[in-house]
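A short worksheet on the structure shown next.
Rule-based calculations on the coordinates, nothing more; no lab input. This one's a predicted model, so the numbers in the text were calculated from it and none came from an experiment. Reconstructed Cβ throughout: ideal geometry from the backbone, glycine too, with neighbour counts over all protein chains shown.
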Amino acid sequence: MTPTRLDAPGLLDRARELAGLLTDTVDGGASVGFLAPLDPEDAVAWWHERAEQVAAGRLAVWAALDGDRAVGTVSLAFADKPNSRHRAELVKLMVHRDARGKGLARTLLGTAEKAAAAAGVTLLHLDTETGSPAEHLYRATGWTRAGIVPDYAANPYGVLRPTTLYYKHLAAG
Ligand SMILES: CC(C)(COP(=O)(O)OP(=O)(O)OC[C@H]1O[C@@H](n2cnc3c(N)ncnc32)[C@H](O)[C@@H]1OP(=O)(O)O)[C@@H](O)C(=O)NCCC(=O)NCCS
């Protein structure tokens, strides 16, 4: 399945499908910035806000589409400070629970990394809940573990959890 990069109108069109993926991820207990239960309409509104960032060139969003369903997504948030244009943060890598274990996250990650390099980004970074399944994926794809920040964010059930920071250098161009 080839991920599609969404422009701002495309993201608005797909906001409801992506909201379904986001609520499934939160319901599944993953720490992606939200507490459970996530109201589906709040999830739609959150994606609508992302469309403004896409239009401004500060965010790139990909969706893996299975017919009308969004089964996976990943985004890149570009640093906007003048001294940080070489850097981007990989955010919101999510695969629907019923599409996991088939290599889709690897594909999404590879797509975002290639696009970042093509855009001149030479450093990627991310954070993920310490001990989450995603850690295996990042280690297996050449990311370096920088360290752990305790009590970084609450999981969907409101319990503060540590986060692990990762980075990856990309070859220019
Ligand atoms: C983490 C996540 C994106 C993985 O998606 P996926 O499509 O199932 O991952 P893939 O099938 O591409 O697997 C990639 C690698 O991770 C490993 N992996 C995936 N899920 C795993 C799990 N639960 N436990 C251990 N390893 C796991 C796979 O074995 C694979 O490794 P391999 O290629 O060396 O065999 C998915 O579980 C998810 O959406 N989780 C919730 C959201 C989240 O935590 N996102 C990351 C936020 S930073």
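Once the gyration tensor of the Cα atoms in segment 65-173 is diagonalised, the equivalent ellipsoid follows with semi-axes of 22, 20, 13 Å, ordered largest first.
Under a Gaussian network description of the chain, with springs only between Cα atoms under 10 Å, the residue in L160, L59, L12 that fluctuates furthest is L160. Antiparallel as a % of all DSSP beta bridges within segment 4-169, to the nearest 5? Here the antiparallel bridges make up roughly 90 percent for segment 4-169.
Take the Cα coordinates of segment 13-115, assign each an equal point scatterer, and use the Debye formula without solvent to give log10 I(q)/I(0) at q = 0.13 Å⁻¹. Reported log10 I(q)/I(0), two decimals: -0.46.
Evaluated with a Cβ-only charge set (Lys, Arg +1; Asp, Glu -1), the chain carries a dipole of roughly 780 debye about its Cα centre, given to the nearest 20. So if we plug the beta-carbon distance of R100 and D80 into 1/(1 + (r/R0)^6) with R0 = 45 Å, what FRET efficiency do we get, rounded to 0.05? Efficiency, from the Cβ-Cβ distance: 0.85. For A45 and A117, a Förster radius of 30 Å and the Cβ-Cβ distance give a FRET efficiency of 0.40, rounded to the nearest 0.05. Within a straight-line Cα-Cα reach of under 30 Å, K102 can be paired with the following lysines, leaving aside sequence neighbours fewer than 8 residues apart in one chain: K92, K114, K168. Projecting the Cα positions of A30, V54, A117 onto the charge dipole of the chain (unit charges on Cβ atoms of Lys, Arg, Asp and Glu, taken about the Cα centre) puts A117 furthest along the positive direction.
Computed extension length for V159-L35: 43.7 nm, one decimal, from 0.36 nm per residue of separation with the Cα-Cα distance subtracted. Karplus-based coupling profile of segment 127-134, in residue order and whole Hz: 10, 8, 4, 4, x, 6, x, 4, with θ = phi - 60° in 6.51 cos²θ - 1.76 cosθ + 1.60 and x standing for Gly or Pro.
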